[in-house]
Amino acid sequence: MKVTVVGAGAVGASCAEYIAMKNFCSEVVLVDIKEGFAEGKAMDLMQTASLNGFDTKITGTTGDYSKTAGSHVAVITSGIPRKPGMTREELIGINAGIVKEVTQNLVKNSPEVIIIVVSNPMDTMAYLVHKTSGLPKHKIIGMGGALDSARFKYRLAEALESPISDVDGMVIAAHSDTGMLPLLSKATRNGVPVTEFLDEEQQKYVIEETKVGGATLTKLLGTSAWYAPGAAVSVMVQAIACDQKKMIPCSLMLEGEYGQNDICLGVPAIIGANGVEKIVNVTLTADEQLKFAEAANAVREVNGDLKF
Ligand SMILES: NC(=O)c1ccc[n+]([C@@H]2O[C@H](COP(=O)([O-])OP(=O)(O)OC[C@H]3O[C@@H](n4cnc5c(N)ncnc54)[C@H](O)[C@@H]3O)[C@@H](O)[C@H]2O)c1
């Protein structure tokens, strides 16, 4: 299995590192526009191979997409990250051009590729890839829900004073500070609804801290986070590479599911060798349905700024 990661910055390199450490891919190609940067990151990572015990071959290239030919999966992390105080939506002007160009280069060299979109504003960038790549819809997957769900579980475990492995939960809808929908009604500790353990104030805290999870880190770090985003992507790549049929919330093109059409939004899906094997319909409460629809309206407005 050959995987390309475009953008050898913070998220791209972290993603390549986690993929290699899990040792399920034969090759990871890093691509960046900055001269020598991807080559340098690849060499540094390869020098951890004997220390960390992996056999995945990592190479780097400055914009030579012929080196990516025959990739099964490609991850797009190229673009600018947000600075403290910025929303993800403010990145659209620069990132849309980058994502469109990168997509064309990837598809030209790997016509069968499955693309995982990470660059922000992610739901809109995933929509852009649908509109410009010519790939079937099951081969375009936006990464947001996997990360946001991990942040939700972190906050749940904190409030429950429990180990994270006791906790399960999922975040759907938009990958934005206001449009995220942590499904508290379905979150559990060892199968018991968390609502049995947490009072209303604790529940509100978990939801609000989950939604601003990225902004909290951006304020602390001066740029957006990379470890958890990289790990989240690696879980998705592994689900495809190993045909795991894992249920992961991803930003997918909706055609009637959850009452929406012609929009990419986070919904639970089965991820396997074909990319998206199936979108899973879960029953939402009336309040969750309303919030999902509001998130869709906001993403649609951002999509309106795209020029194809
Ligand atoms: N979806 C998510 O959950 C999530 C999480 C974290 C970050 N992000 C987004 O991922 C993107 C990357 O974040 P980062 O922290 O790694 O940023 P970064 O600045 O560390 O890395 C981005 C890299 O992209 C490269 N690049 C720019 N234009 C390119 C092009 N045309 N071709 C190839 N490479 C190009 C840059 O040279 C840079 O090395 C940002 O848009 C960020 O907002 C998304």
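The values are calculated or read from the model by the stated rules, or taken from the named source; none is laboratory data. Just so we're clear, the structure is a prediction, and the values are computed from it rather than from any experiment. Cβ atoms come from the backbone with ideal geometry, glycine included; neighbour counts cover every protein chain shown. For accessibility, only protein heavy atoms count, side chains too; no ligands or nucleic acids. Shrake-Rupley method; radii C 1.70, N 1.55, O 1.52, S 1.80 Å.
In region 124-132 there is at least one residue matching the filter, namely being more than 23 Å from M170 (Cβ to Cβ), without any contact (Cβ under 8 Å) to a residue 60 or more places away in the chain, of a type outside the set (K, R) and open to solvent by less than 40 Å² (accessible area, probe 1.4 Å). Tell me, please, whether a residue that is more than 8 Å from the ligand (Cβ to nearest atom), closer than 15 Å to L306 by Cβ and touching a Leu at 6+ places or on another chain (Cβ under 9 Å) can be found in region 75-97. Yes, that holds for at least one residue. Report yes if L106 is within 11 Å of the ligand (Cβ to nearest atom), within 30 Å of V299 (Cα to Cα) and either without any contact (Cβ under 8 Å) to a residue 40 or more places away in the chain or among the acidic types (D, E) (or both), otherwise no. Taking the combined requirement at face value, the residue does not satisfy it. Among the numbered conditions (1) within 16 Å of the ligand (Cβ to nearest atom); (2) not in a loop (DSSP other than H, G, I, E, B), the only one that S176 does not meet is (2). Inspection of region 1-8 finds a residue satisfying the criterion of being buried (at least 24 other Cβ atoms within 10 Å of the Cβ) and more than 12 Å from the ligand (Cβ to nearest atom). Would you pick out the residues in region 109-118 that are open to solvent by less than 10 Å² (accessible area, probe 1.4 Å) and within 11 Å of the ligand (Cβ to nearest atom)? Across region 109-118, the qualifying residues are I116, V117. Kindly indicate whether any position in region 186-195 is surrounded by 14 or more Cβ atoms within 10 Å (Cβ to Cβ), in contact with a strand residue (DSSP E or B) (Cβ under 8 Å, 6 or more places away or on another chain), hydroxyl-bearing (S, T, Y) and without any contact (Cβ under 8 Å) to a residue 24 or more places away in the chain. Checked region 186-195: at least one residue is surrounded by 14 or more Cβ atoms within 10 Å (Cβ to Cβ), in contact with a strand residue (DSSP E or B) (Cβ under 8 Å, 6 or more places away or on another chain), hydroxyl-bearing (S, T, Y) and without any contact (Cβ under 8 Å) to a residue 24 or more places away in the chain.
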